[in-house]
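Heads up, the thing below is written out as structure tokens.
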Amino acid sequence: MHDILVSAMMGLSRSGFLNVAIMLLTCWGLLGCRRAERPLIAIIPATTAQELWESAHVEASRIAGTWGWDTFWNGPSREDDLLRQIQIMEKELDQGVAGIILAPDHAVALISPVRAALEKKIPVAILDNPLTASPKEDVVFVLNDNAATGRIAAERVSHYLKGTQNEVAILGVHPNFLGTIVAADTIRDELQKYAPGIRFIEQGSTFGSTEAEESAEELIEAHPTLRAIVTLNVSQTRAAYNALSRAKLVGKVALIGCEQDFDIIYRVRTGEIDSVIAKDTRTMVRDAMQWIHQRREGTVTGETIIVPPKLVTKQNVNSPEIQWILAVNGGTN
Amino acid sequence: MGATLLLVASISFAVFTHTRARRESYYLQHDRMDSWTSYGGVWALENGVFTNNSDERGAKLMSGSMGWRNIALSADVRLDQSGGDVGLMIRSNNEDLGVDAYNGYYAGLRALEGTLIAGRSNYSWSEVSPVALPGGVHERVWYHLQLIMYGCRLGASAENLSTHQTAVLLLYEDKCLSSGRIGLRSLSTGGQWRNISVAPSTETQLDAIATRAGSERNPQPLSTEAAYARHFSHYERIEPVAHEWDAQLRTPSMHLGDLAGLRRDAPPRVLVRGVVTLTEPDIFIEDSTGGAMVKHPQGPPVNVGEGVEISGEVHPLLYSAQLTQSSLRIISTGTPAPPLSVTPWQAASGAYDARFIEIQGHLMREVHSENGYQVLDLTEGGEAFRALYPDRYGQALHNLRVNSLVRLRGVCVLGKVYTQDLIPFLIFLRSSDDVQVLRGPPWWTPWHLAFVSFLIVFLACSIQLSYFQFRQWQKDAISRERERIAHDIHDTMAQSFAGIGYQIQGLRTSIIRNTHISREEIAHELASTSDLVSRCHADASHTIEMLGAASPGEAGDLLGMFMERTYKLSGGNIRVYKEEQGIVRPLSLHIRAVLFNIGQETISNAITHGLPATIAFTMRYEKRSATMMIVDDGQGFDATPEEEGFGILGMRRRARDIGGSLEILSAPGVGTRVDVTFPLPRLDLTQRFMLHGLIHRRPRASIIPES
């Protein structure tokens, strides 16, 4: 065989050489098409059901467009559908993406899929809530400043405290989302400064509307002297608002929400909800994209970036700064 | 290479033809779910009506060809709830589980706003301004929906089939998707679809809608919160549902997890809330504390994912409870909670009775049907269990292979009524999506092992048999060659030696008998004998030369031998040429021997009878044959078959021995041409390169000048 090939090469005429060259170029071109694909960034939000993450979507698409990159966008329908988020992540790892931006639905369970990404040398940006593992070379944490969220919430609640008998409910603490624990701790610590005798009622988070509302109703019924409710996610804010609405306590018990969604911001506009402490997911995803780009060039390494939240009230909701944070690409129909 | 190209071309043609055929045939199965693929939802097909019994956001059921381009899609649609929307998808690609997880177009009816909507999703939704449908969009009312896609324009029309009120709108995109499948889709509500039809669309059809719709619109994302707030404030004024629910809502008395602990002797009446996890064969609901079965409740039909409030009598079971004499109200819609992931042992413990779970197991035997259900018998970790899936939802599960590892999602049920005490628990599946094959059966099943063993033995026997056959062929070939050489020697050297023997014997007899024989005569006889010995020696030399060759040579040597022989026989008075045309190929010993003999005879005849001035020897190689041509410019003769002598007949016989033929062209005064055409074996790789012009070798031509 070797002799045949050697003799074939030695005996190549000009036209024969041209034929072989065209064949090789065609093969190289066909193989090269794959190589020439635009880098793809997969953005996997905690859920696709909220405008909170659509703001991140719009920013990621805008930045990718300026770089000539592509984005993939999909996530679970609920924040507690952890298996679905892991499935999406595994699927994207198999696609050979250039980077992954993940808002994890679980602080521990997502560590293994992230490790799998690192084994494939795919940089990963963790958004909003941290994992229990620390950032590494190929992992960046771009987190909401949950302590700041707690401080702002406490400051808003402080306006509604009267005398020495104050009860404040904190809804939505969930160990899967470490940020909620930090925010709740900060709220308690800060409010102790404003009113040392204050009592706190804490309730974990459920993401089904029926059960969340039922829990909120039970809480309101059991604690008629509540001054304020702080909710740490969209599901709890909706549930608390509906429970207050049914109990005809809207405006009587202050409701301060964390995380934005359009129907909730609308209640801020009408004055039914005191305020919402919005997460700046646009800035988070911008920092994450920037880091992945630089990481691909080898100029940065793992770190933690903290992005401050913004308070949205009836007074500032129309300000350009707030509208920029809330802008979305379209949302879901 | 040719065969490969042919194969590739055949496959390409088949794929192209198949794609084209699918694109051009606008056929949808209405009686079976097999050609439909679901992405979320709980889909069923009964009497030509497709139903999604789930409030999941963005449930999809897809069918058709990815090659469908300009089509008209229509169906009657119906919503189960006063919220959410239902509709049709067109030119859709890349679908996945998720709210907007597809790349395509969608048009449908939105209940809360009472509008006809249309837009484009590319994993993010953008829509044109909705158009109000006069009279609104109501639950459990049939509407006819038609989508006309032509070029980059989508026309959508809706008609209330009760009031015949209509609405139309037109969508346009500069850069649109060129083709894709069709689908049924619902969001935050269950729905029904019937009379689904697909046909090629025409520009005239689209223009008819365009005339009614007015200006065409680009899908635009609702990009700011402020814009949404204006929109939201509009439809909040017309939303009655939530408030209706609110007014009647009562505080539940118990959680579902507490029901199993109630007294069994006097069934108490309770008010509970939960989310529907299953609707068939019974309604199952759950909250975070547990689950319960609801028997024949009074109230509206429900879908998976709906939040319900139930008032009824509790009948505690071993691990969960059953609610009877109950009334049911829907209080919310939404995506059902994700399942709890448990092991079969945990499921068998009863802790997850009436709960929506996810579980893994190996399929023990083929999926079969019993009492209207497809039955999956599974085992894992020593626990055997079953999963049931309604037959009328489709036959997709029949494709599962035994010993596959599957992941199931469904409602876990314990209790004798369902398990007959044969298995610890069973799983009620809700859709074919609830079964995910994690790993196919291992290849080393006993059947596979037996098959592979048989294959190995068969191959070994075949190889051995082939080897024996080859050895036999080899022996036969050697025997034939020996026989042929023996014949050759007998025909040539043996005859010559016999002649020499007779001649010497005659001379000896003459000398002994002392007859009158002169010294000159003796010298003459001896000279003649010496000539015979020389010719015999020459024949022996050529035979030895050919038999001694290490490998089959090319014909160039053969033609060279002819030239030498002609030169010697003619004393150098004849000009001789040789030429090879085409791709020079090696010739077997047998062929060379035959050609040599024919050539020798031809040269001898030409010199003896034709007296030529020139003889040309040419060997022309074709792809599968070759021709040896010997042409002289001698006197020629009348070449008629009737006058052929033994010499020519012998030449023909030899030509036939190698599967060839001999042709003689001659006439008095024009010389003679002898052609021997014989078959050649297939080309090897180098020769194929040469044939296709990738390698060039110059043809060899030589001339021996007159001495």
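Quick notes on this structure:
- About the centre of its Cα atoms, the stretch B:443-548 shows a dipole size close to 400 debye [charges on the beta carbon of Lys, Arg (+1) and Asp, Glu (-1) only; nearest 20 debye].
- Area buried, chain A against chain B - accessible surface, total, 1.4 angstrom probe, square angstrom: 4400
- Residue-count net charge about B:Q503 - beta-carbon cut-off 12 Å; Lys, Arg +1, Asp, Glu -1: -1
- On the beta carbon distance between B:H398 and B:L685, with R0 = 56 Å, the FRET formula returns roughly 0.70.
- Between B:S253 and B:D557, residue separation times 0.36 nm minus the direct Cα-Cα distance comes to 98.4 nm.
- Selection from A:I181, A:V230, A:A64 lying farthest towards where the dipole of chain A points positive, charges on Cβ: A:A64
- Rolling a 1.4 Å probe over the protein heavy atoms leaves B:T686 with an accessible area of roughly 30 Å².
- Rolling a 1.4 angstrom probe over the protein heavy atoms with all chains in place gives the stretch B:245-332 an accessible area of 40 Å² per residue.
- With θ taken as phi - 60° and the Karplus curve 6.51 cos²θ - 1.76 cosθ + 1.60 applied, the whole-hertz 3J(HN,Hα) list for the stretch A:138-149 is 9, 10, 10, 9, 10, 10, 5, 6, 5, 5, 5, 4 Hz, x standing for glycine and proline.
- Residue-by-residue Karplus 3J(HN,Hα) for the stretch B:570-580, coefficients 6.51, -1.76, 1.60, Hz, glycine and proline x: 8, x, x, 8, 10, 7, 10, 10, 9, 8, 10
- In terms of accessible area, using a 1.4 Å probe and ignoring ligands and nucleic acids, B:I648, A:I41 rank largest first as B:I648, A:I41.
- Of the residues B:Y567, A:S112, B:P301, the one whose Cα sits farthest toward the positive end of the charge dipole of the protein assembly as shown, with +1 on the Cβ of Lys and Arg and -1 on the Cβ of Asp and Glu, is B:Y567.
- Full extension of the chain between B:V670 and B:K568 yields a length gain of 34.3 nm, computed as 0.36 nm times the residue separation minus the alpha carbon distance.
- Above-threshold pairs, the threshold being 22 Å between Cα atoms, out of A:K252/A:K310; A:K121/A:K279; A:K136/A:K279; A:K162/A:K279; A:K162/A:K193; A:K193/A:K248: A:K252/A:K310; A:K121/A:K279; A:K136/A:K279; A:K162/A:K279; A:K193/A:K248
- Unpaired by the 4.7 Å Cβ criterion, cysteines found in chain B: B:C412, B:C461, B:C536
- For B:C176, the shell of other residues with beta-carbons less than 14 Å away shows a net charge of +3, using +1 for Lys and Arg and -1 for Asp and Glu.
- Per-residue 3J(HN,Hα) values for the stretch B:186-197, derived from phi via the Karplus relation 6.51 cos²θ - 1.76 cosθ + 1.60 with θ = phi - 60°, read 9, 9, 6, 7, x, x, 9, 9, 9, 6, 6, 9 Hz in sequence order (x marks Gly and Pro).
- In this calculation the C-beta distance from A:E202 to B:Y418 is compared with R0 = 35 Å, giving a FRET efficiency of 0.30.
- Relative contact order for the stretch B:245-332: 30 percent, from Cα pairs under 8 Å spaced at least 6 residues apart, divided by residue count.
- Within the stretch B:42-57, backbone nitrogen closer than 19 Å to the virtual label 7 Å beyond the Cα of B:D76 toward Cβ: B:44-53
- With a 1.4 Å probe rolled over the protein heavy atoms of all chains, the accessible area of A:W324, A:W291 falls in the order A:W324, A:W291, largest first.
- In Å², nearest 10: area of B:Y150 left accessible to a 1.4 Å probe: 70
- Placed amide H near B:R57: partners under 5 Å, 5+ positions off or other chain: B:S188, B:T335
- The angle separating the long axis of helix B:555-569 from the principal Cα axis of greatest extent in chain B is about 10 degrees.
- Applying 1/(1 + (r/R0)^6) with R0 = 22 Å to the Cβ-Cβ distance of B:S530 and B:A494 gives a FRET efficiency near 0.70.
- Rough spin-label spacing in nm, given labels placed 7 Å along Cα→Cβ, for B:A132 and B:C152: 3.2
- The charge dipole of the stretch A:147-259, taken about its Cα centre with unit charges on the Cβ of Lys, Arg, Asp and Glu (plus for the first two, minus for the last two), comes to roughly 480 debye.
- Pair-distance distribution P(r) for the stretch B:551-704, from all Cα-Cα distances in 10 Å bins starting at 0: 11, 40, 34, 13, 2 percent.
- For the stretch B:443-548, Kirkwood radius (reciprocal of mean inverse C-alpha pair distance, Å): 19.2
- When the residues B:S530, B:S326 are ordered by accessible surface, computed with a 1.4 Å probe over the protein chains alone, the sequence from largest down reads B:S530, B:S326.
- Protein accessible area in the stretch A:147-259, 1.4 Å probe - carbon and sulfur %: 52
- Entry comment: accessible area of the stretch B:443-548 is 81 Å² per residue, from protein heavy atoms only and a probe of 1.4 Å.
- Computed accessible area, B:K623, all protein chains, 1.4 angstrom probe, square angstrom: 120
- When chain B is described by a simple charge dipole with +1 on each Lys and Arg Cβ and -1 on each Asp and Glu Cβ, the residue from B:M33, B:V676, B:L88 located farthest towards its positive end is B:V676.
- Counted charge near B:Y105, where neighbours are those whose Cβ lies closer than 15 Å (Asp, Glu -1; Lys, Arg +1): +2
- Cα-Cα separations in the stretch A:144-192 greater than 16 Å, expressed as whole percent: 36
- Accessible area of the stretch B:340-439 belonging to carbon and sulfur atoms, whole % at 1.4 Å probe: 48
- Beta-bridge orientation, the protein assembly as shown: approximately 75 percent antiparallel, per DSSP, counting only bridges with both partners inside.
- Interface residues, the stretch B:113-153 - accessible area loss of 10 Å² or more versus chain alone, probe 1.4 Å: B:Y123, B:S124, B:W125
- Only DSSP H runs of four or more residues enter the estimate; each adds -39500 (n - 2.57), and after division by the residues of chain A the mean residue ellipticity at 222 nm equals -15500 deg cm²/dmol.
- In chain B, the longest principal axis of the Cα atoms and the axis of helix B:2-24 are about 30 degrees apart.
- The angle separating the long axis of helix B:589-605 from the principal Cα axis of greatest extent in chain B is about 40 degrees.
- Cut-off under 5 Å, modelled amide H: who pairs with B:Y373 long-range: B:D391
- Heavy-atom accessible area per residue - the stretch B:591-679, 1.4 Å, Å²: 46
- Cα-based radius of gyration of the stretch A:147-259 once divided by 2.2 N^0.38 Å, which approximates compact folds: 0.96
- The C-alpha radius of gyration of the protein assembly as shown, expressed as a fraction of 2.2 N^0.38 Å, stands at 1.49.
- Annotation: amide H-H contacts under 5 Å for B:G84 (H modelled 1.01 Å from N, sequence separation of 5 or more, or interchain): B:A111, B:L112.
- The slack between B:Q474 and B:D638, meaning 0.36 nm per residue of separation minus the straight C-alpha distance, is 54.6 nm.
- About the Cα centre, charge dipole magnitude for chain A (Lys/Arg +1, Asp/Glu -1 at Cβ), debye: 680
The values are calculated or read from the model by the stated rules, or taken from the named source; none is laboratory data. Values in this document were obtained by computation on a predicted structure and should not be read as measured data. Neighbour counts run over all protein chains shown; Cβ positions are idealised from the backbone, glycine included. Heads up: the accessible areas ignore ligands, DNA and RNA and are worked out on the full protein's heavy atoms, side chains in. Shrake-Rupley method; radii C 1.70, N 1.55, O 1.52, S 1.80 Å.
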